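Take a look at the structure below.
A short reminder: the numbers here are calculations on the coordinates, not readings from a lab. This one's a predicted model, so the numbers in the text were calculated from it and none came from an experiment. Positions of Cβ are generated from backbone atoms using ideal geometry, with glycine treated the same way; all protein chains shown enter the neighbour counts.
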Amino acid sequence: MPTSAISLKGVTKFYGHELGVMDVTFEVLPGEIMGFLGPNGAGKTTTMRALVGLLKLTSGQAYILGEEVTIYSHEMRKEIGYLPGSPGLYENLTGWEHLRFLAKMRDCDCTEEIRSMAERFDLDLHRRIKDLSKGNQQKIGVIQAFMHRPSILILDEPTSGLDPIVQREFSALVDETQSRGAAILLSSHVLSEVEHLADRVVIINDGKQLLVDEISNLKKRTLRTVDLFFGSPIPPEVFSRVHGIKDVHTYGNRITCTVIGAETELLKVAVEHGLESVQTHESNLDEIFFSIVEGGDPNGYSTIS
Amino acid sequence: MAIPLFLKVLKDQRRGFLGWSIGLVAIVSIQLSVFPTVRSSAEGLATFLKNYPEALQKIFRMEDYTSGPGYLSTELFSFMLPLIFIAVGTGWGANATAQEEERRTADLLLTLPISRPRILLTKIVSGITAQIVLVLILFLTLFIGIRFVDISLPVSKILAGSASGALLGVTFHAVATLFGSIFGKKSVALGGAIALAIAGFLFYSLAPLVHTFDRVLGINPFQWALGKNPLKGGLDFGYATLSILTSIIIYGASVSVLRSRDISN
């Protein structure tokens, strides 16, 4: 089994008496993209800031490439590219000066990487940062996180403020970074983006971890609507004994129902009654996310299947 | 020390520092240019000072006003020059980490593969460098200026006078750095250090009149820097050492606090 690139074990952070996050536990493997989801104030930023050593954990451990992260450790940060949620930039500098400063502090030349990413994102590096739009400032944040080719990327809302074209370019950059073996932890409010990029997701709410799973598993375990088309009308009672379906309705030759888990049994019964075609409407990540966060009972959700 | 950060701090602060330097040269030059008039009116001034309230004479250390060193001590070293050194020191101290936290640049700076103590030590060294450069500017301005107005002062005394400003500047740079490390807010760092400086100055100035203040002069940075009148008596080695050791302890506390606390966002 490969060693985790990022590992959190019972990570808990209180700010005085106020809960930041409690008992967050998950791993990200090399070459894996982990989506990190939750509403505003759920604890995503707290978790990420703890992972880069900005916050002292109340309890639990966080590991980067097997080494425990503390506010005292700094050597491991060579391997980390971190994009804060609201990156503060040196606004009196130009983009080039800003990135060169960070590169020098990392003892990295990075000139080629900076230039090529700036070209890719259509960013003018010679304008003062204070004169740049929010989107262009975000591009500088993205470049500083990727420029030293880190093996771990911790990205807090990386596409915030980016236009769709740049978002697509960013997705391509993330894909390339993943293919060279980097582990990426990425939080985003754009759930379709996470669905497209991530292999697995962690969902947290109110500082507590609700689940961690592969997106494909989540979809399997989520309610789906199925339309069954027959040659002639079929009474809905036929499906009354099928496990895992509900809300069965008949519309002429069509029967609709909602399914949780495998569709095998449903299809077997339908075929016996002359099934001609079937359409399945899968939930997207948005629907899954809302059902989990608003449902408030991740365990109930998990045991549906 | 992180050289790129050191150079960046100097570059970032260059305009403000240039302004204070020009101000310092201007104030010293103007005061020097007035001295010939003061000297030529020595007799009248002596009468005037004789009638000047004794309390004010003590507060402004106005003894020997018509001699070159006495004039410079009263007009420059009792208030204006310490003020400039302290203003520069507190400003640079408050910028050390509190400004980085307030502007959220600390999230990038403190997640680089460089330890927090090394980052802060670099900022401290840059602040001390600014004080040393101010000392050199003041020294050169006095060294050249006194020749034009025929004031006789040994080089060692000019150097001692110039260095006394830096002793105060460095002490309050350390205080502002510590407040910044503790609270992460520039206004608190600046306000706290300036409030302490004002309190120290008042205690020092009123010490000849208030017995209680006089009793605590030994722990007052203004006494350490100015108490022995550096233009006349040079720097007091014991007090200078105490001042430097105090600054080192405060810097050490700053590093220790910043090293072990959460960084705000």
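Between helix B:186-206 and chain B, what is the angle of the helix's C-alpha long axis to the longest principal axis, kept within 0 to 90° and rounded to the nearest 10? That helix lies at roughly 30 degrees to the long axis. Put the Cα centre of region A:234-293 next to the Cα centre of region B:209-259 and the gap is 83 Å. Put a plus charge on the Cβ of each Lys and Arg, a minus charge on the Cβ of each Asp and Glu, and nothing anywhere else: the dipole of chain A about its Cα centre is then about 600 debye.
Taking every residue in B:102-110 and counting other chain Cβ atoms within 10 Å of its Cβ, the average works out to 6.
Each residue of region A:85-93 is assigned a 3J(HN,Hα), and the resulting list reads x, 10, x, x, 10, 7, 5, 7, 9 Hz, derived from the Karplus form 6.51 cos²θ - 1.76 cosθ + 1.60 (θ = phi - 60°), x at Gly and Pro. When chain B is treated as a GNM, springs tying every alpha-carbon pair under 10 Å, which of B:Gly238, B:Gly184, B:Gly91 comes out with the largest mean-square fluctuation? For chain B, modelled as a Gaussian network with Cα springs under 10 Å, the answer is B:Gly238. Positive end of the dipole of region B:1-159 (Cβ unit charges, origin at the Cα centre): among B:Pro154, B:Ala87, B:Leu18, the Cα lying farthest that way belongs to B:Leu18.
Phi-derived couplings, Karplus 6.51 cos²θ - 1.76 cosθ + 1.60 at θ = phi - 60°, listed residue by residue for region B:108-120: 7, 5, 8, 10, 6, x, 9, 5, 4, x, 5, 4, 5 Hz, with x used for Gly and Pro. In a reduced charge model with +1 at each Lys and Arg Cβ and -1 at each Asp and Glu Cβ, chain B shows a dipole moment near 600 debye about its Cα centre.
Between the amide H of A:Glu68 and any residue lying 5 or more places away or on another chain, no distance stays under 5 Å, with hydrogens modeled in the peptide plane.
Charge dipole (Cα centre; +1 on Lys/Arg Cβ, -1 on Asp/Glu Cβ; no other charges) of the protein assembly as shown amounts to roughly 2540 debye. Inter-chain neighbour count for B:113-119: the average number of beta-carbon atoms from partner chains within 10 Å of each residue's beta-carbon is 5. Among the residues of A:81-91, the average count of other protein chain beta-carbon atoms within 10 Å of the residue beta-carbon is 4. Just tell me which aspartates and glutamates come within less than 12 Å, Cα to Cα, of B:Lys8; anything on the same chain fewer than 8 places away is out. Partners within reach: A:Glu97. Taking 1 over the mean of 1/r across every pair of different Cα atoms in region B:109-177, what Kirkwood radius in Å do you get? Answer for region B:109-177: a Kirkwood hydrodynamic radius of 13.9 Å. Here's how it looks for A:Thr94: its modeled amide H is under 5 Å from those of A:Ile129, which are all 5 or more places away or on a different chain. Take B:193-205, A:142-154, B:164-176 and order them by the average number of nearby Cβ atoms within 10 Å per residue, most first; the result is B:164-176, A:142-154, B:193-205.
Between A:Pro150, A:Phe101, A:Ile140, the Cα set farthest toward the positive side of the dipole of region A:98-174 (charges on each charged residue's Cβ, about the Cα centre) is that of A:Phe101. Legend: residue pairs A:Lys56/A:Lys208; A:Lys9/B:Lys186; B:Lys186/B:Lys232; A:Lys139/A:Lys208, Cα-Cα distance threshold 27 Å; pairs beyond threshold, A:Lys9/B:Lys186; B:Lys186/B:Lys232; A:Lys139/A:Lys208. Among beta bridges from DSSP that stay inside the protein assembly as shown, the antiparallel ones total about 70%.
Spelling out what I want: for every residue of region A:118-131, take phi, set θ = phi - 60°, compute 6.51 cos²θ - 1.76 cosθ + 1.60 (Karplus), and round to whole Hz; glycine and proline get x. Per-residue couplings from phi come out as 4, 5, 4, 8, 6, 10, 7, 7, 9, 9, 5, 4, 5, 8 Hz.
Springs between Cα atoms under 10 Å define the GNM used for chain B, and in it the highest mean-square fluctuation of B:Val28, B:Val155, B:Val188 occurs at B:Val155.
Database remark: amide H of A:Phe36 closer than 5 angstrom to the amide H of A:Leu186, A:Ser187, A:Ser188, A:Val202 (H placed geometrically; neighbours at sequence offset of 5 or more, or on other chains; Pro and chain starts carry no H). Which residue, B:Ser156, B:Ser41, B:Ser247, has the most motion in a Gaussian network model of chain B that connects Cα atoms within less than 10 Å? Residue with maximal mean-square fluctuation among B:Ser156, B:Ser41, B:Ser247: B:Ser41.
Output the antiparallel fraction of DSSP beta bridges having both residues in chain A, as a percent to the nearest 5. Antiparallel: roughly 70 percent of the beta bridges in chain A.
Helix B:14-40 and the longest principal axis of the Cα set of chain B meet at an angle near 10°. Comparing Cα centroids, region A:5-62 and region A:69-127 end up 23 angstrom apart. Using a cut-off of 24 Å between Cα atoms, the listed pairs B:Lys58/B:Lys228; A:Lys219/A:Lys268; A:Lys78/B:Lys11; A:Lys44/A:Lys104; B:Lys123/B:Lys185 include A:Lys78/B:Lys11; A:Lys44/A:Lys104 as exceeding that distance.
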